[in-house]
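To keep things clear, I will list the structure first and then write my remarks on it.
The values are calculated or read from the model by the stated rules, or taken from the named source; none is laboratory data. Just so we're clear, the structure is a prediction, and the values are computed from it rather than from any experiment. All Cβ positions, glycine included, derive from the backbone under ideal geometry; neighbour counts span all protein chains shown. Surface accessibility is based on the protein's heavy atoms, side chains included, excluding ligands, DNA and RNA. Shrake-Rupley method; radii C 1.70, N 1.55, O 1.52, S 1.80 Å.
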Amino acid sequence: MPANILDGAATAEKIRNQVAEEVARRVAEGKPAPGLATVLVGDNPASQVYVRSKHRACQQVGIQSFAYELPETASQKEVEDLVRSLNADPRVHGILVQLPLPSGLDEERVLGAISIEKDVDGFHPVNIGRLAQKGREPLFVPCTPAGCMVLLQSVLPDLNGVNAVVLGRSNIVGMPVALLLVRANATVTICHSRTRNLPEVCRNADVLVAAVGKPEMVRGDWVKPGAVVIDVGINRIEDPTRPRGYRLVGDVAFDEVSQVAGWITPVPGGVGPMTIAMLLQNTLRAARLARG
Ligand code: NDP
């Protein structure tokens, strides 16, 4: 039986609507609209697209957004000074530094300069540290991993003792997803480029999260029948039949895996739309934390 589809686009829309309603309510009560500042350093075209779509999403739900751009040649001090001025700006409740930063800039120090109360991307070392520690609560959880958990728990709310396999250990997706799964009491295996017998490890997974950036790497015979498969990958592959000459695929071979899995997120329309929805939710939370 083909897998059920975990519809990220519909779930994200519901979340955006909830955020819009609460923003409107706050403004009607005389509170300031939540504010998100984005910091874009350099002219990476993909980053420009991501930042633009974040501003558009803010506009749609009534969140004020402020775009700051620095040239590729900006110094470490200039970037950190900008972040510090945003920390002090009362209109700004959330600060997002678009990654990756140009080479030569120390990402950890820039992220560490963000006030943790405004760290809506959840990448401040203190927030990540709290995520990794038992009994500690991060103020914000990174957006893509949080979006994966919302989709997963919409069909499998109880993760107690469930075998979860995460493909990928990056700072922005793989590792924080794995930490969130552990916090939800799943038994977690983290795989990476040195993992042996990957298909065999994956076949044990009740929950399989793929975040490797390799088009359609996960095949049908890697997946346990009935498993929940969360595909984070966004990869362009050539497709001359499409007007743009390419199409987007995930890290999972959808046609094969959807014949075996119980639930699967499509690409596009799965995890992707959830990332921005979680950013809006985090920005609203930052405004609540600032004003009670
Ligand atoms: P990274 O390149 O930072 O990390 C990839 C991870 O996959 C690494 O841990 C790497 O291992 C592992 N890996 C690479 N090749 C293999 C392999 N052959 N077998 C097993 N593991 C492997 O990628 P990101 O985490 O940033 O992104 C992953 C994917 O998610 C990309 O397609 C990206 O576009 C997408 N993405 C989607 C988002 C969304 O909003 N939906 C947001 C962010 C990312 P090692 O550590 O050993 O190098």
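For the stretch 1-132, the equivalent ellipsoid derived from the alpha-carbon gyration tensor has semi-axes of 27, 20, 15 Å in decreasing order. Between residue 109 and residue 55, the C-beta separation translates, for a Förster distance of 41 Å, into a calculated FRET efficiency of about 0.95. If you take all other residues with their beta carbon under 14 Å from the beta carbon of residue 84, and give Lys and Arg +1 and Asp and Glu -1, the sum is -3.
For 254, 123, 140, what's the largest-to-smallest order of accessible area, 1.4 Å probe? If you can, show how the numbers build up before the last one.
Values: 254 70, 123 35, 140 5 Å².
In descending accessible area the options line up as 254, 123, 140.
As a size descriptor, the averaged projected area of the C-alpha convex hull of the stretch 143-273 was calculated at 7.7 nm².
In this simple spin-label model, placing a label point 7 Å from the Cα along the Cα-to-Cβ direction at both residue 197 and residue 219 gives a separation of 1.7 nm. Panel note: the C-alpha atoms of the chain, placed on their principal axes, show extents of 53, 40, 39 Å (largest first). Report the antiparallel proportion of the DSSP beta bridges in the chain as a percent, rounded to a multiple of 5. Antiparallel bridges make up about 10 percent of those DSSP assigns within the chain.
The protection proxy used here, the mean number of other Cβ atoms lying within 10 Å of each residue, ranks peptides 175-187, 193-205 as follows, highest first: 175-187, 193-205. Reported to the nearest whole Å, the Cα centre-to-centre distance from the stretch 111-183 to the stretch 19-50 is 21. Roughly speaking, what % of Cα-Cα pairs in the stretch 1-74 are separated by over 22 Å, rounded to a whole number? For the stretch 1-74, the fraction of Cα-Cα distances above 22 Å is 42 percent. Our Cα-only numbers for the stretch 225-271 put the radius of gyration and Dmax at 11.7, 36 Å.
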